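Before any comments, here is the structure.
The values are calculated or read from the model by the stated rules, or taken from the named source; none is laboratory data. Everything quoted here is computed from the prediction, not taken from an experiment. Quick reminder, even Gly has a Cβ in these numbers, built from the backbone with ideal geometry, and neighbours come from all protein chains shown. Surface accessibility is based on the protein's heavy atoms, side chains included, excluding ligands, DNA and RNA. Shrake-Rupley method; radii C 1.70, N 1.55, O 1.52, S 1.80 Å.
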Amino acid sequence: MDCVTLDVHERVALVTLNRPDKRNALNAEMRTRLEDVVHRIASSSGIRSAVVTGAGEAFAAGADIAPMASYSPQDAEEASRHGSHVFSAIENSPIPFIAAVNGWALGGGCELALACDIRLCSETAAFGQPEIRLGLIPGYGASVRLPRLIGMGRALELILTGQTVDARKAEQIGLVTAVFPPERLMAEALDLAGRLARGPAALALAKRAVREAADLPSREGYELTSLLYAEAYRTRDSREGIQAYLEKRRPDFQGE
(Lines give C-alpha, C1' and ligand atoms only; values in the text may rest on other atoms or scores of the structure.)
Protein backbone atom coordinates (compact mmCIF):
# COMPACT_ATOMS: atom_id res chain seq x y z
CA MET A 1 0.00 0.00 0.00
CA ASP A 2 1.35 3.41 -1.02
CA CYS A 3 1.87 5.51 2.11
CA VAL A 4 1.23 8.76 0.19
CA THR A 5 -1.09 8.73 -2.81
CA LEU A 6 -1.43 11.25 -5.63
CA ASP A 7 -4.54 11.68 -7.75
CA VAL A 8 -4.98 14.42 -10.35
CA HIS A 9 -8.30 15.63 -11.73
CA GLU A 10 -8.90 18.76 -13.78
CA ARG A 11 -5.52 20.29 -12.84
CA VAL A 12 -6.04 19.68 -9.11
CA ALA A 13 -3.73 17.29 -7.26
CA LEU A 14 -5.11 15.39 -4.28
CA VAL A 15 -2.34 14.21 -1.95
CA THR A 16 -3.47 11.71 0.69
CA LEU A 17 -1.40 10.56 3.65
CA ASN A 18 -2.24 6.88 3.63
CA ARG A 19 -1.33 5.06 6.85
CA PRO A 20 -4.76 5.16 8.51
CA ASP A 21 -3.91 2.29 10.87
CA LYS A 22 -1.12 4.52 12.30
CA ARG A 23 -3.21 7.72 12.14
CA ASN A 24 -0.93 8.73 9.25
CA ALA A 25 2.01 9.19 11.62
CA LEU A 26 4.96 10.50 9.63
CA ASN A 27 8.02 8.26 9.31
CA ALA A 28 11.05 8.39 7.03
CA GLU A 29 9.29 6.45 4.27
CA MET A 30 6.33 8.86 4.28
CA ARG A 31 8.59 11.91 4.27
CA THR A 32 10.51 10.53 1.29
CA ARG A 33 7.35 9.63 -0.59
CA LEU A 34 5.82 13.05 0.17
CA GLU A 35 8.99 14.72 -1.10
CA ASP A 36 8.67 12.83 -4.39
CA VAL A 37 4.98 13.73 -4.73
CA VAL A 38 5.59 17.42 -4.05
CA HIS A 39 8.35 17.45 -6.67
CA ARG A 40 6.06 15.78 -9.23
CA ILE A 41 3.35 18.36 -8.56
CA ALA A 42 5.71 21.31 -8.93
CA SER A 43 7.19 19.97 -12.17
CA SER A 44 3.89 19.07 -13.85
CA SER A 45 2.40 21.55 -16.31
CA GLY A 46 -0.97 19.86 -15.84
CA ILE A 47 -1.31 20.67 -12.13
CA ARG A 48 -2.31 24.13 -10.93
CA SER A 49 -3.28 23.55 -7.28
CA ALA A 50 -3.07 20.84 -4.62
CA VAL A 51 -5.02 19.55 -1.63
CA VAL A 52 -3.34 17.58 1.17
CA THR A 53 -5.45 15.41 3.47
CA GLY A 54 -5.27 12.21 5.50
CA ALA A 55 -6.89 8.81 5.04
CA GLY A 56 -9.19 7.64 7.80
CA GLU A 57 -9.93 9.70 10.90
CA ALA A 58 -6.67 11.64 11.18
CA PHE A 59 -4.78 14.17 9.08
CA ALA A 60 -1.44 13.16 10.64
CA ALA A 61 -1.15 12.45 14.34
CA GLY A 62 2.49 13.47 14.56
CA ALA A 63 5.71 11.65 13.84
CA ASP A 64 6.02 7.89 14.20
CA ILE A 65 7.35 7.61 17.76
CA ALA A 66 8.59 4.00 17.70
CA PRO A 67 11.62 4.57 15.43
CA MET A 68 12.50 7.70 17.40
CA ALA A 69 13.27 5.65 20.50
CA SER A 70 16.58 4.54 18.97
CA TYR A 71 17.60 7.91 17.50
CA SER A 72 21.02 9.32 18.24
CA PRO A 73 21.33 13.13 18.30
CA GLN A 74 22.72 12.86 14.76
CA ASP A 75 19.74 10.77 13.65
CA ALA A 76 17.40 13.35 15.15
CA GLU A 77 19.15 16.20 13.35
CA GLU A 78 18.99 14.36 10.02
CA ALA A 79 15.28 13.58 10.45
CA SER A 80 14.58 17.21 11.36
CA ARG A 81 16.52 18.52 8.39
CA HIS A 82 14.74 16.13 6.03
CA GLY A 83 11.28 17.00 7.35
CA SER A 84 12.07 20.71 7.19
CA HIS A 85 13.32 20.30 3.62
CA VAL A 86 10.16 18.48 2.50
CA PHE A 87 7.80 20.98 4.15
CA SER A 88 9.80 23.91 2.77
CA ALA A 89 9.33 22.42 -0.70
CA ILE A 90 5.57 22.74 -0.17
CA GLU A 91 5.91 26.27 1.17
CA ASN A 92 8.16 27.36 -1.71
CA SER A 93 6.32 25.53 -4.48
CA PRO A 94 4.76 27.77 -7.15
CA ILE A 95 1.62 25.65 -6.71
CA PRO A 96 -0.86 26.73 -4.00
CA PHE A 97 -1.33 23.97 -1.41
CA ILE A 98 -4.49 23.61 0.67
CA ALA A 99 -4.48 21.51 3.84
CA ALA A 100 -7.84 19.76 4.32
CA VAL A 101 -7.42 18.76 7.96
CA ASN A 102 -9.92 15.99 8.61
CA GLY A 103 -8.90 14.99 12.14
CA TRP A 104 -5.84 15.00 14.39
CA ALA A 105 -3.03 17.27 13.17
CA LEU A 106 -0.42 16.96 15.88
CA GLY A 107 3.34 17.45 15.94
CA GLY A 108 4.66 16.86 12.43
CA GLY A 109 1.07 16.72 11.17
CA CYS A 110 0.40 20.22 12.42
CA GLU A 111 3.72 21.34 10.91
CA LEU A 112 2.67 19.89 7.56
CA ALA A 113 -0.56 21.90 7.70
CA LEU A 114 1.45 25.02 8.61
CA ALA A 115 3.60 24.56 5.49
CA CYS A 116 0.50 24.74 3.28
CA ASP A 117 -0.80 28.07 2.03
CA ILE A 118 -4.41 27.70 3.18
CA ARG A 119 -5.78 25.52 5.98
CA LEU A 120 -9.37 24.29 6.10
CA CYS A 121 -10.56 21.77 8.66
CA SER A 122 -13.50 19.69 9.78
CA GLU A 123 -15.31 20.13 13.07
CA THR A 124 -13.52 17.00 14.31
CA ALA A 125 -10.02 18.40 13.73
CA ALA A 126 -7.55 19.11 16.51
CA PHE A 127 -4.17 20.83 16.36
CA GLY A 128 -1.13 20.88 18.60
CA GLN A 129 2.62 20.66 19.04
CA PRO A 130 2.92 18.11 21.86
CA GLU A 131 6.66 17.44 21.45
CA ILE A 132 7.44 19.07 24.80
CA ARG A 133 5.60 16.21 26.52
CA LEU A 134 8.30 13.89 25.16
CA GLY A 135 11.08 16.21 26.28
CA LEU A 136 11.52 17.43 22.70
CA ILE A 137 10.75 20.47 20.55
CA PRO A 138 9.01 20.70 17.16
CA GLY A 139 11.45 19.56 14.50
CA TYR A 140 9.86 20.39 11.15
CA GLY A 141 9.43 24.15 11.25
CA ALA A 142 6.65 25.03 13.72
CA SER A 143 8.99 27.24 15.73
CA VAL A 144 9.29 29.45 12.63
CA ARG A 145 5.89 29.16 10.95
CA LEU A 146 3.55 29.10 13.95
CA PRO A 147 4.57 32.50 15.42
CA ARG A 148 4.28 34.09 11.99
CA LEU A 149 0.79 32.71 11.59
CA ILE A 150 -0.80 33.21 15.02
CA GLY A 151 1.62 35.50 16.85
CA MET A 152 4.51 34.89 19.23
CA GLY A 153 2.46 34.67 22.43
CA ARG A 154 -0.05 32.09 21.24
CA ALA A 155 2.66 30.09 19.48
CA LEU A 156 4.78 29.93 22.61
CA GLU A 157 1.76 28.86 24.65
CA LEU A 158 1.03 25.98 22.30
CA ILE A 159 4.65 24.87 21.99
CA LEU A 160 5.61 25.26 25.68
CA THR A 161 2.48 23.58 27.07
CA GLY A 162 1.96 21.01 24.34
CA GLN A 163 -1.77 21.66 24.57
CA THR A 164 -4.21 20.71 21.82
CA VAL A 165 -6.80 23.09 20.39
CA ASP A 166 -10.03 22.09 18.71
CA ALA A 167 -11.27 23.27 15.34
CA ARG A 168 -13.19 26.32 16.58
CA LYS A 169 -10.28 27.52 18.70
CA ALA A 170 -7.95 26.99 15.74
CA GLU A 171 -10.21 29.20 13.64
CA GLN A 172 -10.41 31.82 16.38
CA ILE A 173 -6.62 32.18 16.65
CA GLY A 174 -6.08 32.18 12.88
CA LEU A 175 -4.58 28.72 12.57
CA VAL A 176 -7.26 27.77 10.03
CA THR A 177 -9.45 29.97 7.85
CA ALA A 178 -12.67 27.92 7.87
CA VAL A 179 -14.31 24.99 9.68
CA PHE A 180 -16.79 22.64 7.98
CA PRO A 181 -18.86 19.61 8.94
CA PRO A 182 -16.81 16.46 8.21
CA GLU A 183 -18.98 15.47 5.27
CA ARG A 184 -18.41 18.84 3.57
CA LEU A 185 -14.69 19.34 4.13
CA MET A 186 -13.30 17.66 1.01
CA ALA A 187 -15.94 19.14 -1.27
CA GLU A 188 -15.10 22.62 0.03
CA ALA A 189 -11.35 22.05 -0.25
CA LEU A 190 -11.59 20.67 -3.78
CA ASP A 191 -13.91 23.49 -4.82
CA LEU A 192 -11.40 26.07 -3.60
CA ALA A 193 -8.56 24.16 -5.28
CA GLY A 194 -10.55 24.08 -8.51
CA ARG A 195 -11.05 27.84 -8.42
CA LEU A 196 -7.33 28.34 -7.86
CA ALA A 197 -6.52 25.92 -10.68
CA ARG A 198 -8.54 28.09 -13.04
CA GLY A 199 -6.66 31.20 -11.93
CA PRO A 200 -3.96 33.13 -13.77
CA ALA A 201 -0.23 32.56 -13.88
CA ALA A 202 0.04 35.43 -11.39
CA LEU A 203 -0.99 33.01 -8.61
CA ALA A 204 2.57 31.72 -8.43
CA LEU A 205 3.91 35.28 -8.38
CA ALA A 206 1.46 36.30 -5.66
CA LYS A 207 2.48 33.33 -3.49
CA ARG A 208 6.15 34.15 -4.01
CA ALA A 209 5.59 37.82 -3.18
CA VAL A 210 3.92 37.01 0.13
CA ARG A 211 6.25 34.17 1.13
CA GLU A 212 9.54 35.87 0.26
CA ALA A 213 8.58 39.31 1.51
CA ALA A 214 7.92 37.83 4.95
CA ASP A 215 11.67 37.30 5.35
CA LEU A 216 12.68 40.76 4.10
CA PRO A 217 12.78 44.27 5.57
CA SER A 218 9.81 46.33 4.37
CA ARG A 219 11.76 48.34 1.79
CA GLU A 220 13.18 45.20 0.18
CA GLY A 221 9.74 43.60 0.28
CA TYR A 222 8.27 46.52 -1.65
CA GLU A 223 11.09 46.26 -4.19
CA LEU A 224 10.42 42.55 -4.64
CA THR A 225 6.71 43.30 -5.08
CA SER A 226 7.45 45.79 -7.86
CA LEU A 227 9.66 43.30 -9.69
CA LEU A 228 7.05 40.55 -9.47
CA TYR A 229 4.27 42.96 -10.45
CA ALA A 230 6.25 43.64 -13.63
CA GLU A 231 6.60 39.89 -14.16
CA ALA A 232 2.81 39.54 -14.01
CA TYR A 233 2.55 41.98 -16.92
CA ARG A 234 4.70 39.64 -18.98
CA THR A 235 2.09 36.87 -18.78
CA ARG A 236 -0.58 36.25 -21.38
CA ASP A 237 -3.10 35.91 -18.56
CA SER A 238 -2.61 39.54 -17.53
CA ARG A 239 -3.58 40.69 -21.00
CA GLU A 240 -6.55 38.35 -21.01
CA GLY A 241 -7.65 39.50 -17.55
CA ILE A 242 -7.51 43.19 -18.42
CA GLN A 243 -9.24 42.70 -21.77
CA ALA A 244 -11.96 40.55 -20.19
CA TYR A 245 -12.61 43.27 -17.62
CA LEU A 246 -12.93 45.91 -20.33
CA GLU A 247 -15.25 43.66 -22.33
CA LYS A 248 -17.30 42.81 -19.22
CA ARG A 249 -16.81 39.04 -19.56
CA ARG A 250 -15.26 36.25 -17.53
CA PRO A 251 -11.52 35.83 -18.23
CA ASP A 252 -10.27 32.58 -19.74
CA PHE A 253 -6.95 32.11 -17.95
CA GLN A 254 -4.53 29.50 -19.28
CA GLY A 255 -1.83 29.73 -16.61
CA GLU A 256 0.59 31.32 -19.05
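Looking at the range 89-233 only, what percent of DSSP beta bridges run antiparallel? Nearest 5 please. So the antiparallel bridges amount to about 25 percent of the total. Applying 1/(1 + (r/R0)^6) with R0 = 51 Å to the Cβ-Cβ distance of Glu220 and Met1, what FRET efficiency is obtained, to the nearest 0.05? According to the calculation, E is roughly 0.65. Once C-alpha pairs closer than 8 Å and six or more residues apart are averaged by separation and normalised to the residue number of the range 1-85, the relative contact order reads 34 percent. Our note on the geometry: Cα centres of the range 26-74 and the range 183-256, 27 Å apart. Simple rule: put +1 on each Lys or Arg Cβ and -1 on each Asp or Glu Cβ in the range 104-221, find the dipole, and look at Leu196, Gly174, Phe127; the Cα lying farthest toward the positive end is Leu196.
Just the number, please: percent antiparallel of the DSSP beta bridges in the range 60-175, rounded to the nearest 5. Given both bridge residues lie in the range 60-175, the antiparallel proportion sits at roughly 25 percent. The alpha-carbon atoms of the range 115-180 define a convex hull whose volume equals 77 cubic angstrom per residue. Residues in the range 157-166 carry Karplus couplings, in order, of 4, 5, 6, 6, 9, x, 6, 10, 10, 7 Hz; the curve used is 6.51 cos²θ - 1.76 cosθ + 1.60 with θ = phi - 60°, and Gly or Pro positions show x. Solvent-accessible area of Glu212, all protein chains in place: 80 Å² (probe radius 1.4 Å, heavy atoms, ligands and nucleic acids excluded).
Full extension of the chain between Arg211 and Ser143 gives 22.8 nm of extra length, using 0.36 nm per residue less the Cα-Cα distance.
Both radii were evaluated on the Cα set of the range 2-102; the Rg over Rh quotient, with Rh as the Kirkwood radius, amounts to 0.99. The share of alpha-carbon pairs in the range 29-78 lying farther apart than 16 Å comes to 60%. Each Cα pair under 8 Å and six or more residues apart adds its separation to the average, and for the range 109-200 the resulting relative contact order is 38 percent.
In a simple Cβ point-charge model (Lys, Arg +1; Asp, Glu -1; nothing else charged), the range 25-175 has a dipole of about 360 debye relative to its Cα centre. If you take the Cα centroid of the range 79-107 and the Cα centroid of the range 140-173, the two points sit 16 Å apart. Annotation: per residue accessible area for the chain equals 52 Å², rounded to a whole number [probe 1.4 Å, protein chains only]. Charging the Cβ of each Asp and Glu at -1 and of each Lys and Arg at +1, and nothing else, the dipole of the chain about its Cα centre rounds to 620 debye. Bridge orientation summary for the chain: considering DSSP beta bridges with both residues in this region, about 30 percent are antiparallel.
Each label point was placed 7 Å from the Cα along the Cα-to-Cβ direction; for Glu231 and Ser72 their separation is 4.2 nm.
Note on the range 148-256: Cα-Cα pairs beyond 23 Å make up 54% of the total pair count.
Dividing the mean sequence gap of close Cα pairs (under 8 Å, 6+ apart) by how many residues the chain holds gives a relative contact order of 16 percent.
Projecting the Cα atoms of Ala55, Ala69, His85 onto the charge dipole of the range 17-99, computed from C-beta unit charges around the Cα centre, puts Ala55 farthest toward the positive end.
Residues in the range 96-106 carry Karplus couplings, in order, of x, 10, 10, 8, 9, 8, 9, x, 4, 10, 10 Hz; the curve used is 6.51 cos²θ - 1.76 cosθ + 1.60 with θ = phi - 60°, and Gly or Pro positions show x.
Rolled with a 1.4 Å probe across the full set of protein chains, the surface gives Val176 an accessible area near 10 Å².
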